[in-house]
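Here the structure comes first, spelled out in structure tokens, and everything after it is commentary.
The values are calculated or read from the model by the stated rules, or taken from the named source; none is laboratory data. Because the structure is predicted, anything quoted here is derived from the model rather than measured. Using ideal geometry, Cβ is built from the backbone for each residue, glycine included, and neighbour counts are taken over all protein chains shown.
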Amino acid sequence: MNLPDTLRFATRAAAGAPLRTFLMVLAMSIGVAAVVVLTALGDGARRYVVDEFSALGSNLVIVLPGRSETGGFNPANAITATVRDLTVEDARALTRAPAVLRTAPITIGTSEAVFGGRLRDVTIVGTTADYLRLRRMELAQGRFLPDDEPHAAVAVIGATIRDELFGAESALGKTLRIDDRRVRVIGVLARSGQGLGMNADEVVILPVVVAQAMFNTNTLFRILVEAKDRSLIERAKMQTTEILKARHDGEEDVTVITQDAVLATFDRILGALTYGVAAIAAISLVVAGILVMNVMLVAVTQRTGEIGLLKALGAEGRAIRNAFLAEAALLSAAGALAGYLLGQAGAFALRAAIPALPAHAPDWAVLAALGTALAAGLLFGVMPARRAARLDPVLALAKR
Amino acid sequence: MMLIELSGIERVFTLGDNVVRALTQFDLAVAAGEYLAVMGASGSGKSTLLNLLGLLDRPDAGTYRLEGRAVTTLSADQQARVRRERIGFVFQSFHLVPRLTAAENIALPLMLAGVEPAERARRVERALADFGLANRAGHRPDQLSGGQRQRVAIARATIMRPALILADEPTGNLDRTTGAEVVRLLEMLNAGGVTLIMVTHDTVLGARARRRLVLQDGRKICDEPA
């Protein structure tokens, strides 16, 4: 029996039992759709995080106080491991490094902001004038922190804060009370939407010295350093480390990380998550494959008389095996195709529901899902097909 | 040369502790073009004989020569080819594939043999006309009467122009008139030169055959007029 005939025969056989065919295609399509949708979700989350990190600014080197120990306990550390705080002077010193374009010290805290009887919890960010350019932020109104007056009692507020405290009034020039200090609003940030970890629309930015006084501290939370160029990131990191080491009496008591390294880590973690999710979804494909086997075994039993007849008409074992294999393959292929469409529709619905999430199934996942579906269908179709081919014609014919 | 030569055929079934000798020390020679009725009570071995002749079953001992060729030692696939090309089966319960049309059922052996679709269509069309089924080509078996179904089955059995037709109670599921029609059809084919071997309970039907073989307990008790 040639290939077109085998396929036509298998198609007629599948069409001859519509309910059975529908259920099998459904099971297979759910498996494929699960892989497509779940990997779309996983990969979408990965891309979302990567994009958000990129939005932090580019060519960034981040300085954290304290050394992240990786070498275990060292007796030398017990004597000398007094962690020196990061200071505003440290940040200023870093601007002298040749590879560094600009720096911004950051101190962070929470407080209450009051205006005209309205009160709101806000995140306070103490920093300097360079922060705006370093973070690639935009102003909606007014101006940012001044370069030359580090002690000025002024504030730049996020868009949400502006809306909630000032409503329809103009915020510029108004005096805001924060933690019993009065600050004048000189600027409003453009609305930026959700940022990673911190919503830029809900912050109040103060000069770093003012913020430190408010929180009664002279330490910093971070220093953000922008390298002059992408190729200079590693050099900026080295120079930063050296300068801080020199300023801290030869003690390397800060951790300097690059944005790229953080990005790569997130990329890896979320990439692994996507693989994991795909593997879990693939289990449903294997289950669907077992269902194919079950259904094909039932089909062999139901069509025993027909198999006997085909043998009497001179069908070789191979022809019968191929006919049943082709049927399993057709059902799997139809299921895989339906599942692919279903999965893409699901990913489309996800994107429509959460526009921020770029939920596209990666190509490898789609190919793997389709491939696994076909392979599972064929693999699990082999046993029933062989059973059909080996039936004793006399017994098979007697059954009907 | 004889079409069929059986010598020393033994076929033993073991059912639990019972050993059933379906055929024992069985010899038979059938010339090409003969018309043979095989009769006997249930369990006399006539179905086993038909299955052996049709290469659906293998004897435990003895030799079977079909057209001078020893066929018992052939592989399963080689036997399938012999069945396809030299033997046509007609069953009591027709054995049509329910989801296929009359034309497609008739075309099955051609499809299994890998005959070109154009040639296939031509031969099926002729068979449909020959067996008075021209206006039933697109009907499925459940849309056909019993007589029409058996005619489809006979058309299918003869489409490969076999040397031998094995009919197992071909009228068993038909009323007397349609049964007679079907037998006349088979006899016409026999008149055209095809060897016809028919298993039947019906003594009237058996009496029509030119040669009658009566079996009992796996042995010939009567073979006339050979």
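Assorted remarks:
- Here the condition is being more than 27 Å from the chain's Cα centre (by Cα), touching a residue at least 12 places away in the same chain (Cβ under 8 Å) and within 14 Å of another protein chain (Cβ to nearest Cβ); of A:GLY335, A:GLY289, A:GLY308, A:GLY314, it holds for A:GLY308 alone.
- Unique residue being within 22 Å of A:LEU391 (Cα to Cα) and of a type in the set (A, V, I, L, M) when the list is B:LEU23, B:LEU66, B:LEU28, B:LEU56: B:LEU56
- The stretch A:133-186, residues that are in a loop (DSSP other than H, G, I, E, B) and farther than 30 Å from A:LYS228 by Cβ: A:ALA153, A:GLY167, A:ALA168, A:GLU169, A:SER170, A:ALA171, A:LEU172, A:GLY173, A:LYS174, A:ASP179, A:ASP180
- Selection within the stretch A:111-140 - more than 27 Å from the chain's Cα centre (by Cα) and among the polar types (S, T, N, Q): A:SER111, A:THR127, A:THR128
- Residues of the stretch B:33-62 satisfying the condition of being under 20 Å from B:ARG161 (Cβ atoms) and either within 14 Å of chain A (Cβ to nearest Cβ) or free of Cβ contacts under 8 Å to residues at least 40 places away in the same chain (or both): B:LEU53, B:GLY54, B:LEU55
A quick yes/no check of all residues on (1) in contact with a helix residue (DSSP H, G or I) (Cβ under 8 Å, 6 or more places away or on another chain); (2) farther than 22 Å from A:PRO98 by Cβ:
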{"residue": "A:VAL225", "(1), (2)": "yes, no"}
{"residue": "A:ALA236", "(1), (2)": "no, no"}
{"residue": "A:ILE243", "(1), (2)": "yes, no"}
{"residue": "A:GLY250", "(1), (2)": "no, no"}
{"residue": "A:ALA264", "(1), (2)": "no, yes"}
{"residue": "A:LEU270", "(1), (2)": "yes, yes"}
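- Output for the stretch B:63-118, where each listed residue is away from every other protein chain (no Cβ under 13 Å) and of a type in the set (D, E, K, R): B:ARG65, B:GLU67, B:ARG69
- Odd one out for A:ILE354, checked against (1) surrounded by fewer than 17 Cβ atoms within 10 Å (Cβ to Cβ); (2) touching a Gly at 6+ places or on another chain (Cβ under 9 Å); (3) under 30 Å from B:VAL97 (Cα atoms); (4) away from chain B (no Cβ under 14 Å): (3)
- Verdict on B:PHE26 being within 14 Å of another protein chain (Cβ to nearest Cβ) and of a type in the set (Phe, Trp, Tyr): no
- Test for A:ALA323: is it within 14 Å of chain B (Cβ to nearest Cβ), surrounded by 18 or more Cβ atoms within 10 Å (Cβ to Cβ) and in contact with a Phe, Trp or Tyr (Cβ under 7 Å, 6 or more places away or on another chain): yes
- Among the conditions (1) in contact (Cβ under 8 Å) with a residue 12 or more places away in the chain; (2) crowded, with 18+ Cβ neighbours inside 10 Å, B:THR72 misses just one, which is (2).
- Test result for B:VAL182, in contact (Cβ under 8 Å) with a residue 12 or more places away in the chain, more than 14 Å from every other protein chain (Cβ to nearest Cβ) and not charged (D, E, K, R): yes
- Output for the stretch B:55-96, where each listed residue is charged (D, E, K, R) and in a loop (DSSP other than H, G, I, E, B): B:ASP57, B:ARG58, B:ASP60, B:GLU67
- The requirement of being more than 9 Å from chain B (Cβ to nearest Cβ), buried (at least 20 other Cβ atoms within 10 Å of the Cβ), at pLDDT 90 or above and closer than 29 Å to B:GLY114 by Cα is satisfied by A:ALA10.
- Flag for B:ILE154 being more than 9 Å from chain A (Cβ to nearest Cβ), surrounded by 22 or more Cβ atoms within 10 Å (Cβ to Cβ) and not charged (D, E, K, R): yes
- For A:ASN216, the conditions (1) outside the structural domain of A:GLY339 (by TED's automatic domain parsing); (2) of a type in the set (S, T, N, Q); (3) surrounded by 15 or more Cβ atoms within 10 Å (Cβ to Cβ) all hold with the exception of (3).
- Test: B:LEU213 is farther than 20 Å from B:ALA32 by Cβ and either basic (Lys, Arg) or surrounded by 19 or more Cβ atoms within 10 Å (Cβ to Cβ) (or both): no
Yes/no matrix, rows are residues, columns are (1) under 25 Å from A:ALA359 (Cα atoms); (2) hydroxyl-bearing (Ser, Thr, Tyr):
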residue	(1), (2)
A:LEU244	no, no
A:HIS248	no, no
A:ASP253	no, no
A:THR258	no, yes
A:ALA264	yes, no
A:LEU285	yes, no
A:GLY289	no, no
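- Of the residues making up the stretch B:1-54, those that are outside any strand (DSSP E or B) and surrounded by fewer than 13 Cβ atoms within 10 Å (Cβ to Cβ) are B:MET1, B:GLY16, B:ASP17, B:ALA41, B:SER42.
- Single residue of A:THR274, A:THR301 found to be surrounded by fewer than 18 Cβ atoms within 10 Å (Cβ to Cβ) and away from every other protein chain (no Cβ under 12 Å): A:THR301
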